[in-house]
Amino acid sequence: MGLTLLVGATGHSWRSWLEGYNGRVCVADPHLGDFGYPGRVGELVDGKIVEWRFVGSLEGTRNPLGLILGCLDLVRGWEEGVILGPEGRDSPASRQMLISLAQAMGVERIVMPEGCGFAGWGWPVGPEEVAVSTDFPVIVKDAQRRARWLSLLEDSGLHEVVLADVRVMGARLGSGRRVDLGCGLAEVGGGVLHWVTREEVGEDRIAGLVNEFHVGRVNLVDPRSYHGTVCSFAHEDGRDFAMGVVKRFDEGRGVVEILSPAVVPAPVRILKVGSLRVDSQGREIGEHAPWAV
């Protein structure tokens with residue numbers, strides 16, 4: 001029967017639709033906290049995520065590459081199954097992400113709620129519109145996600161990840177060539193000097209650094225900006241094995257202290273940094289702009 005894509009819409013839920021389905025399900029909506037930690041896509045078995053890939057945001061449009069590649073990896077070899085897609089939005093980014101997801105997955109069927117307004121988007125397969133149940137109120141879904149984050153924090157040990165020993169993905173940090181500016185942690189890459197420091201840096205110093213390193217700009221970041229950022233530990237081949245939250249960034253030692261349920265010390269080879277931030281009480285406190293940190 002191939003793959004079926006369920007396109008979400010605000011205020012609608014696929015719970016009742018899935019109740020009578022016994023096949024394989026890929027949860028492609030990182031906003032959901034129904035089946036485990038948000039911020040990822042995963043394979044659902046008996047109401048729980050058993051295999052997953054990191055996205056690092058509640059909104060797939062902030063990391064569409066991570067969402068689509070993660071789903072492709074999860075469903076590799078499936079002859080049939082359902083992809084529980086993210087909610088559509090009235091925006092070009094949402095439209096392109098969902099259509100790209102449908103194309104990349106090679107879906108043979110697309111189903112969406114009646115009257116959602118997405119049917120004319122130009123899908124690779126003619127969509128079906130069906131009646132679906134009403135979703136829980138936003139306040140309930142927010143509380144559910146907060147409970148998931150609290151669970152992660154409460155079940156975690158403290159890991160010290162030495163940045164020099166790992167590859168960093170999803171952030172500007174770790175993508176450049178390390179340089180010594182006397183304090184903090186600095187890298188040059190992509191025409192930008194990225195400097196993580198608590199120091200006050202004047203305009204004259206910035207102008208001098210632009211000339212010295214032949215960059216277009218200097219990106220100053222307070223190390224506390226990383227605190228609370230959702231992240232993932234991954235093996236050398238990119239497979240995620242544990243979610244985490246940054247507790248503290250010691251820029252002087254080049255060490256990131258991370259709370260994660262993984263057994264301490266975890267064999268981290270790749271540190272994937274998301275954009276979503278949560279506080280010590282599990283409250284979501286916003287997202288970093290892409291490549292800001």
Looking at region 131-149, I want the residues that are under 19 Å from His12 (Cβ atoms) and have a partner that is hydroxyl-bearing (Ser, Thr, Tyr) and assigned to a strand (DSSP E or B) with Cβ atoms under 9 Å, at least 6 apart or on another chain. Which pairs are those? Val132/Ser13; Ser133/Ser13; Thr134/Ser13; Asp135/Ser13; Phe136/Ser13
How about region 247-291: which of its residues are in a loop (DSSP other than H, G, I, E, B), more than 22 Å from Lys141 (Cα to Cα) and open to solvent by 40 Å² or more (accessible area, probe 1.4 Å)? Gly252, Arg253, Pro261, Val263, Val264, Pro265, Pro267, Arg269, Ala289, Pro290, Trp291
For region 1-12, pairs from a residue that is open to solvent by less than 20 Å² (accessible area, probe 1.4 Å) to a residue that is of a type in the set (D, E, K, R) and part of a loop (DSSP other than H, G, I, E, B), with Cβ under 7 Å and 6 or more apart or across chains, are Gly2/Glu108; Leu3/Glu108; Gly8/Asp29
When you scan region 39-59, do you find a residue that is farther than 26 Å from Pro124 by Cβ, in contact with a helix residue (DSSP H, G or I) (Cβ under 7 Å, 6 or more places away or on another chain), assigned to a strand (DSSP E or B) and touching a residue at least 60 places away in the same chain (Cβ under 8 Å), even just one? yes
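At least 1 residues that are over 26 Å from Val255 (Cα atoms) and among the acidic types (Asp, Glu) in each: list the strands (runs of 3 or more DSSP E) lying fully within region 113-214 that qualify.
Details: elements: 128-130, 157-162, 167-169, 177-179, 185-189, 192-196.
So the answer is 128-130.
Among the residues of region 132-157, which ones are open to solvent by 80 Å² or more (accessible area, probe 1.4 Å) and not hydroxyl-bearing (Ser, Thr, Tyr)?
Answer for region 132-157, where residues must be open to solvent by 80 Å² or more (accessible area, probe 1.4 Å) and not hydroxyl-bearing (Ser, Thr, Tyr): Phe136, Val138, Ile139, Arg146, Glu154, Asp155.
The values are calculated or read from the model by the stated rules, or taken from the named source; none is laboratory data. Note that the coordinates shown come from a computational prediction; the quantities given were computed from them, not determined experimentally. In this analysis, Cβ positions are derived from the backbone assuming ideal geometry, glycine residues included, and neighbour counts consider all displayed protein chains. Ligands, DNA and RNA are excluded from the accessible area calculation, which covers all protein heavy atoms including side chains. Shrake-Rupley method; radii C 1.70, N 1.55, O 1.52, S 1.80 Å.
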